[in-house]
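Heads up: the structure comes next, in structure tokens.
Bear in mind these aren't lab numbers, they're just calculated from the coordinates by the rules spelled out. Small disclaimer: the values here were computed from a predicted structure and weren't measured. In this analysis, Cβ positions are derived from the backbone assuming ideal geometry, glycine residues included, and neighbour counts consider all displayed protein chains.
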Amino acid sequence: MKITNREKVYDGFFKMYELTVEQNGHSYTREQFDRGDAVAALVFDTEDQQYVLTKQFRIGSETELVEIVAGMVDTGEAPEVSIAREIEEEIGYHVNHIEHLYTFYSSPGGCTERVLLYYAEVSHQHAAGGGKEGEHENIEIVRYSPLEFDAEEFSDAKTIVAQLWMRLRKGIKK
């Protein structure tokens, strides 16, 4: 398979490309949603012994979702800096410890987005969180004990991956 042409067909908040692909002597077009790289973190407050997640309206699902802290990597910014920034903006904590867990594609059939998933430990909430002013975010902080987090059923993929990592780390069998 070979991509022979890439044409930008939409350039807004996100970008969309039309690709010409050649395979086995055939040529066809496919659309590609260019989302960029994302960061996400399962955040654990070591003082309160709780996982700290967010609840917010998401355009893709057209519903409010409870999910781990997440955001986009800004141009020229290291992913570890991006996730620390997102934790600060969304839930109001400075990061004490951060550990990279996985890097994965969220929907590789048509989307470029890679998610860099982290585990982060925090200990003191010094700001309200809620999102960055001017980005039209309305983020609610949601806290779970380890047992509650394990028992919850999430519909967000990155949160499910983080939950499964936590179970493997703790040796929990479901």
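Taking the Cα-to-Cβ direction at Glu140 and at Asp37 and moving 7 Å from each Cα, how far apart do the two end points lie in nm?
Distance between the two pseudo-spin positions: 3.3 nm.
Once the convex hull of the alpha carbons of the range 84-137 is built, what does its volume come to per residue, in cubic angstrom?
Details: hull volume 4.6 nm³, N = 54.
So the per-residue hull volume is 86 Å³.
Can you work out the base-10 log of I(q)/I(0) for the chain at q = 0.08, 0.14, 0.19 1/Å, using the Debye formula on its C-alpha atoms alone?
Treating every Cα as an identical point scatterer, log10 I(q)/I(0) equals -0.29, -0.79, -1.26.
In a GNM of the chain with a 10 Å cut-off on Cα contacts, which of Lys132, Lys158, Lys15 has the highest mean-square fluctuation?
Looking only at Lys132, Lys158, Lys15, the largest GNM fluctuation is found for Lys15.
Between Glu148 and Tyr105, 0.36 nm times their residue separation minus their Cα-Cα distance comes to what?
Fully extending the segment from Glu148 to Tyr105 adds 12.7 nm.
Give the order of Val43, Val95 when sorted by the count of other beta carbons within 10 angstrom, beginning with the fewest.
Listed from fewest to most nearby Cβ atoms, that is Val95, Val43.
Measure off 7 Å from each Cα along the Cα-to-Cβ vector at Glu64 and Ala127, then give the distance between these two points in nanometres to one decimal.
2.3 nm
Counting other beta carbons within 10 Å of each residue's own, what order do Ser106, Ser82 fall into, fewest first?
The most exposed by this proxy come first: Ser106, Ser82.
If the viscosity is 1.002 mPa s and the temperature 20 °C, what Stokes-Einstein diffusion coefficient in µm²/s follows for the range 80-174 when Rh is the Kirkwood radius over Cα pairs?
For the chosen part, D equals 143 µm²/s.
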